[in-house]
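Asker: This is the structure, below, for whatever I ask next.
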Amino acid sequence: MSTVNDVQFYINDTFFCLTEFRPEESLLDYIRSTGLKGVKGGCREGGCGACSVLATYYHPFYKKILSESIATCLIPLAKADGMVFTTSEGLGSVRGQLHPIQKALVENRGSQCGYCTPGFVVTLADYFDKPEHIKPENGEKHTDKDKKRILKDIEETLDGNLCRCTGYRGILNSAAVVIEHLDDPKVKEQLGESSPLHRARNHASELSHRASVSLTYLSPKNVSLSYGRTKPNPFSSQVWIRPVSLDELLKTRQEHPHADFASGCSEVGLQMVQHRQKKEQIDITHVPELHLLSLSERDVRGLDASSTDLQIPSLTSLADIPPTPLSSAQSFIMGSAATLAHTIDYADEIIKKNPFLPAARTFRGISSIAHVFSSYHIRKVATAVANISLSSPVSDMLPPLYALNTGVVCESSKTGRRVVPLPVFHVGNRRTDLHNDEVVTHLYIPITRPREYYRCYKQTRRQEDDISIANASFRFFLRPPTQEEKNTDSEDGSISFPRITEAMMAFGGMSWKVVSAPKTIAFLTNNGKGDRRFTRDVINEALTYLLEDLPLTPNAPGGQIRYRRTLCLSHLFKFFLETAQEIVHTHKNAPQDMEREWDDSVIAGVSTQFDDREATTSLYEHSPVTKGSEDYTVPKETKIVGQNVPHLQARVQTTGETLYAMDTEVNGKLYAAVVASTKGHAKIVSVDASEAVKVPGVVKYVSLSDVKGSNAIGPTIHDEECFAKEEVTCVGQVIGVIVAESDELAHVAATLVKVEYEDLPVINTIDDAIAADSYFTVPIEHTKGDLEKGFAESDRIFEGEIRMAGQIHVTLETQNTICIPGEDGSMEVIAATQNPSLTQRLVAKVIGTDHSNVHVIAKRIGGAFGGKESRSCYLSCAAAVAAQAVNRPVHIVLNRTEDMEQAGGRHPWLVRYKIGVKNDGKFVALDCNQYSNGGNTIDLSQGIMNRAVVHADNTYFFPHIRSYGRVCKTHRASNTAFRGFGAPQGCTIMELIVERVSREMNLDSIKLREMNFYKDDDRTHFGQEIMDCTIPKMWKNLLESSDYEKRRKEADEFNAKHKYIKRGLGVSTLKFGVSFESRFLNQANALVHLHQDGSVRLCHGGLEMGQGIHTKMAQIAAEVLGCDISQVHVADTSTDTCCNTSPTAASSGSDLNGMAVSVACHNLLDQLKPTMDANPGKTLAEIARIAYLNRVPLSARGHYATPTLAEGHPFAYFVFGGSVGEVEINTLNGNTKVIRVDAVYDCGKSLNPHLDIGQIEGAIVMGIGYYLLEEPFVGPDGKLINSNIGFYKIPGISNIPLELNVTLLRDSSNKFNSIFSSKAVGEPPLILSGSAYLAALDAIDAAKREHSKDSGPLLDRSVMHIPATNERVRMLIEDPMAKMTEQASVPLTTIPT
């Protein structure tokens, strides 16, 4: 076999052959360097799918061409050899033909900001490319059953793709459209021979010979860092070796005893991204023998670490595997390079063919865990052997294989082969028994015998692509009772029970290594006597031993102490119930010719151990296909406004051809990386950047001394420093930046800057701040009536506390900005910002120039949600100072961790309230005190608190009310705007109070709400009258369309029939004031140019960040001018075309800019009126030409300022909405599934129903994250602990409602003179997700009743916490297992406010 040192591959149809390259460079970075920007670095840990491409290649074991979507951020360039990569640009182009999935996404609101869209396109194209996926089950035409199966498969396939905008509904609708047209000949052709993937397979065939070529790559001495310039390689030297046979692999291992093994690279790739990889890597994926998946008659039970007689067939091709029937198999051989995806396919096929055979239990257990291992993209390349070799205490695959006592085959060319039982092989965290000259070649996995039962459990925060909190695997071998034992079980022996002869347990997440439970096993097996009965009583008693086996100290790493211990008890109990149910089910349903494992007496006995109410798996845990509906009207009086015009940028977003700030290339561009504080509060003693600037390719360290203007920045009060001067006040604060030739190099060099600190006291939480009297500015307070009188008149008074966690934006495009120095001290800024004018002012301030000398361009944003309204500015300022200092363009790109640590998020919140109520439920008085954790600077926190204070009443009228708020000053990264801007916190208060009052006073919550709703002409506590109140109409529509009363009864009936699965219903409403509360911001300007061909160029101050503002502005311009929308082109937002703009925020973007566009267009028509009057019947193009010849101006400006705003009247109008949420909880683990959400929202006359519904769907799913899932963990120094996508979980496909029904309130308008009578939609719908939270509380109440004779409310609602994570749900049930884990020194995890 030949050995070469080049790498050959295709990207789309372009061939590459590289001889000088860094083997550890990520494939993502290389593809982007070729100009293909559709692949995005959303997380760089394989967790978001934004970097996905299709890899097509020849497989050396399967001897055929395979293709799969992979995460390029974790694939080293050395792995690219022999592969063909197809990107979204390669699947379709706006200059040519779109792929069917791209076309569907465009037409079905499947793309909003577009940053994640290419990844979804690739993953979906991968699925549709495989005939076995989309082939009809019977016949040539697809039935409804086929379509549902395909759509369900797609939902599971997308488990590794994240979207923060759409709520996934539009994406799934798009997939459903393609499925509906699978029988269309044109679509068949587009998915078949005319598909770019057909060409990819041809290219892969051309490169197939590379599969048998041995490779050795060495890092080059010099590297090209940017624009053709070369420098000495500043990165660590790397060796990459790819053997192509087992003998060659063993020889390579002898020569490189300290090398790491690389297979799927999900771990090696992560190490390379973080620059902590070993110097040498051996790629094992081209060794055919290691891909073996086979059954064997060899029994490996009883083998120990000294065993050397294990024979493994030397098979190098799938065709070589001899058939072994499952009925005679003793072991399952798994090669160390066999991917989890192939393992799942193999296991599932065995299960499908042999569902009742005892041996199938092994495969069912392994498959169940492999299915939830990471994500689709990772399972395609990752291997079980690599996972167990990492030996992590939270490994997914270790406990399942540990419990089976799997044999690990270790082989050396020097010492031969040995088999090591996995419990011996697994020494501890990242420590194994593998010798330096050995290779793990295979696993020998014992197959379950008759009467041997095996199950695996994994508990995570999010169902898919998540790290285990506590996982467990159990294997029990049971025997039939003797006749004597039968007689002791019952008088006549007709009811008897199995005996436990063997028990094996493996727990992950409970120690520094995977552990067993020796005391529990000894009890269950009666110290090996094997005469203990398999009954509920025995298992319940075993739980006490299990607690002794699994101790956790109060400060154990990972936290969640009580929850983890409770989970392990629940896992064992669940294993018992499910095994008992399996015993009975198999006996009753197995084929008649299959030998029964148990006699009738045992079946009778086991049947007594559970009842019909004890299903342990939610009906929706393996959920059906999700669905949604929409209800709206399209206006007849307008032709373009109000119509479902697709997002104008969706076409280029689906093809990946659209560019974001992240993608901008500028000649001579340098990169900068932030040198950030690692302390929450400290004096800066010294900063030493000498080692960093010595690195080849590093240009300069930039800090405070380089600031030519003012170092003081901030959106409202300039209390923030561009570069820390003497003191740091949060982790992540900018001390300086390292400027270098590449982003990677800048980040590596930044770690070499040494900062010496002197620690100062840290104020971390709201409680800390209150105790220290640490606040920003003055309190905010609004009052109405006489509070003292109100409480005196009340029949009942309730006091309580609500704590709400923060929320991280997790925009797929991280914060980034490019600053380009110009002549005369000017600066051009290309930024991912919602606020170009603020960016302009602050950049001018720090570089010491006029505002007009700074030009800010914001092309589009890859997600914002408030996070880029003000927090983008500090980065632009730092980049501008750096660009000025080196006189070259500088691009700062925060990586995911930096973005999450530095850029802030939604404020943590504390509420203390007192409410007075009449006996009939009428609200009398409310005293509401709110505190937010503002962080280290004021930023926008005062405005956010003000909005929360004025929304504390929500939709409910109080004659007497005091609403008070204070922003706490702490040593956390400054918190900032987030979708809703304080309104979610404010509105949620009253919804929780209403539920508490209704339950504690035994009042119907529906009627309680109705009697307290606002009505027209009621006055709020801040003085504004309620006008155009659509609450009654919305409410009636909501209750009817959601079938609330019927579903309330159905939920109660369901709960009566199910012990461990409970359903709950919740109802919530919203009132949201629309306008900036700073009056001066309520203005906008626009510029319209009419060209002589009749086309229109439109400039306005709004930012396109997925909400479709450019589309709506084009609709307005086309409607007013009377032209086709295809003639309207929207320019990038720029301070040169529209200056002094307000941020695109507060849900006012379309309101303000739409009116400005309308004014501009009407001004243009006024200018053209004489020409039009003189030339009736002419087209716009003809009018434009005539006007030009007559020297009539063809450009016009428009300016709009919201009228009526004044003290006591801060809002132009209110929007109203309501929702009914239904959830199902699993009381054994706390998992919560949102079954259904019905939302009714008053949009007025929608400018574009499809775009508005997409906004509502996305907001609701983001709100599900806020109320049920997302939980930032903050350390004592204020540092965000879960600062990456691997640990901080935003909603994925599995978190969306199984049914989401959205109604835009019919026959609605806007009595305020808004643009075409529309109402705002961007932020308010997030609040509607609160109904799912209330539903979870309702389900918890139902669960608590299982353990109490009290029929009333059992959940203490006087102190409430948001979010209701699975931990909180599980522990609030307070069942006997939860109570067993109570420890005085270990409280339930609290919300980190």
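Asker: Here is a list: 73, 113. Which entry is part of a loop (DSSP other than H, G, I, E, B) and within 24 Å of the chain's Cα centre (by Cα)?
Answerer: Matching residue, one of 73, 113: 113.
Asker: Pick out the one residue from 1080, 1022, 981 that is free of Cβ contacts under 8 Å to residues at least 12 places away in the same chain and open to solvent by 10 Å² or more (accessible area, probe 1.4 Å).
Answerer: Criteria check complete, one pass: 1080.
Asker: Residue 1062 fails exactly one of the following numbered conditions: (1) at pLDDT 95 or above; (2) within 30 Å of residue 994 (Cβ to Cβ); (3) charged (D, E, K, R); (4) open to solvent by 20 Å² or more (accessible area, probe 1.4 Å). What is the number of that condition?
Answerer: Here residue 1062 clears every test but (4).
Asker: Continuing with the same structure: Kindly provide the set of residues from segment 1084-1095 that are in contact with a helix residue (DSSP H, G or I) (Cβ under 7 Å, 6 or more places away or on another chain) and surrounded by fewer than 24 Cβ atoms within 10 Å (Cβ to Cβ), ordered by number.
Answerer: Residues satisfying the conditions are 1087, 1091, 1092, 1093, 1094, 1095.
Asker: From 537, 531, 549, which residue is among the acidic types (Asp, Glu), open to solvent by 10 Å² or more (accessible area, probe 1.4 Å) and at pLDDT below 95?
Answerer: 531
Asker: So which residues in segment 929-975 are over 30 Å from residue 731 (Cβ atoms), in a loop (DSSP other than H, G, I, E, B) and either open to solvent by 10 Å² or more (accessible area, probe 1.4 Å) or of a type in the set (Asp, Glu) (or both), if there are any at all?
Answerer: Within segment 929-975, 953, 957, 959 qualify.
Asker: Tally time: how many residues in segment 458-482 are open to solvent by 10 Å² or more (accessible area, probe 1.4 Å), part of a strand (DSSP E or B) and farther than 19 Å from residue 583 by Cα?
Answerer: 1
Asker: Going by the structure shown, is residue 634 at pLDDT below 95 and assigned to a loop (DSSP other than H, G, I, E, B)?
Answerer: In short, yes.
Asker: Filtering segment 484-515 down to residues that are within 28 Å of residue 549 (Cβ to Cβ) and in a loop (DSSP other than H, G, I, E, B), which residue is nearest to the chain's Cα centre (by Cα)?
Answerer: Among those that are within 28 Å of residue 549 (Cβ to Cβ) and in a loop (DSSP other than H, G, I, E, B), it is 509.
Asker: Wholly within segment 168-278, which helices (runs of 4 or more DSSP H) include no fewer than the required count, namely at least 2 residues that are out of contact with any Cys (no Cβ under 6 Å at 6 or more places or on another chain), surrounded by fewer than 17 Cβ atoms within 10 Å (Cβ to Cβ) and free of Cβ contacts under 8 Å to residues at least 60 places away in the same chain?
Answerer: 185-191, 196-206
Asker: Listed residues 56, 123; which is at pLDDT 95 or above and assigned to a strand (DSSP E or B)?
Answerer: Matching residue, one of 56, 123: 56.
Asker: With the requirement that a residue be open to solvent by 10 Å² or more (accessible area, probe 1.4 Å) and either under 19 Å from residue 286 (Cα atoms) or of a type in the set (A, V, I, L, M, F, W, C) (or both), what does segment 390-400 give you?
Answerer: Within segment 390-400, 390, 394 meet the criteria.
Asker: Just a yes or no: is a residue in segment 16-26 within 24 Å of the chain's Cα centre (by Cα) and either open to solvent by less than 40 Å² (accessible area, probe 1.4 Å) or free of Cβ contacts under 8 Å to residues at least 12 places away in the same chain (or both)?
Answerer: Yes, segment 16-26 contains at least one residue that is within 24 Å of the chain's Cα centre (by Cα) and either open to solvent by less than 40 Å² (accessible area, probe 1.4 Å) or free of Cβ contacts under 8 Å to residues at least 12 places away in the same chain (or both).
Asker: So for segment 1162-1179 (the condition being open to solvent by less than 60 Å² (accessible area, probe 1.4 Å), of a type in the set (Asp, Glu) and at pLDDT 95 or above), does at least one residue qualify?
Answerer: No: segment 1162-1179 contains no residue that is open to solvent by less than 60 Å² (accessible area, probe 1.4 Å), of a type in the set (Asp, Glu) and at pLDDT 95 or above.
Asker: Within segment 675-689, track down each residue that is under 25 Å from residue 876 (Cβ atoms), open to solvent by 10 Å² or more (accessible area, probe 1.4 Å) and β-branched (Val, Ile, Thr).
Answerer: 678, 684, 687
Asker: Please work out if residue 1196 is outside any helix (DSSP H, G or I) and modelled with pLDDT under 95.
Answerer: no
Asker: Filter segment 503-544 down to residues that are closer than 17 Å to residue 573 by Cα, among the charged types (D, E, K, R) and in contact (Cβ under 8 Å) with a residue 40 or more places away in the chain, then give me how many there are.
Answerer: Result for segment 503-544: 2.
Asker: Could I ask something else about it? From the residues in segment 1102-1123 that are more than 13 Å from residue 1161 (Cβ to Cβ) and free of Cβ contacts under 8 Å to residues at least 60 places away in the same chain, which one is surrounded by the fewest Cβ atoms within 10 Å (Cβ to Cβ)?
Answerer: Checked segment 1102-1123; the qualifying residue surrounded by the fewest Cβ atoms within 10 Å (Cβ to Cβ) is 1109.
Asker: Of everything in segment 766-804 that's open to solvent by 30 Å² or more (accessible area, probe 1.4 Å), part of a loop (DSSP other than H, G, I, E, B) and in contact with a strand residue (DSSP E or B) (Cβ under 8 Å, 6 or more places away or on another chain), which residue is farthest from residue 995 (Cα to Cα)?
Answerer: Among residues in segment 766-804 that are open to solvent by 30 Å² or more (accessible area, probe 1.4 Å), part of a loop (DSSP other than H, G, I, E, B) and in contact with a strand residue (DSSP E or B) (Cβ under 8 Å, 6 or more places away or on another chain), the one farthest from residue 995 (Cα to Cα) is 777.
Asker: Among the candidates 363, 373, 356, which residue alone is at pLDDT 95 or above, on the phi < 0 side of the Ramachandran plot and among the aromatic types (Phe, Trp, Tyr)?
Answerer: 363 is the lone residue from the list that is at pLDDT 95 or above, on the phi < 0 side of the Ramachandran plot and among the aromatic types (Phe, Trp, Tyr).
Asker: Which of the residues spanning segment 279-304 are of a type in the set (Gly, Ala, Ser) and open to solvent by 30 Å² or more (accessible area, probe 1.4 Å)?
Answerer: 302
The values are calculated or read from the model by the stated rules, or taken from the named source; none is laboratory data. Quantities reported herein were computed from a predicted structural model and do not represent experimental measurements. For neighbour counting, all protein chains shown are included, and Cβ atoms are generated from backbone atoms with ideal geometry for every residue, glycine included. What goes into the accessible areas is simple: the full protein's heavy atoms, side chains included, and nothing from ligands, DNA or RNA. Shrake-Rupley method; radii C 1.70, N 1.55, O 1.52, S 1.80 Å.
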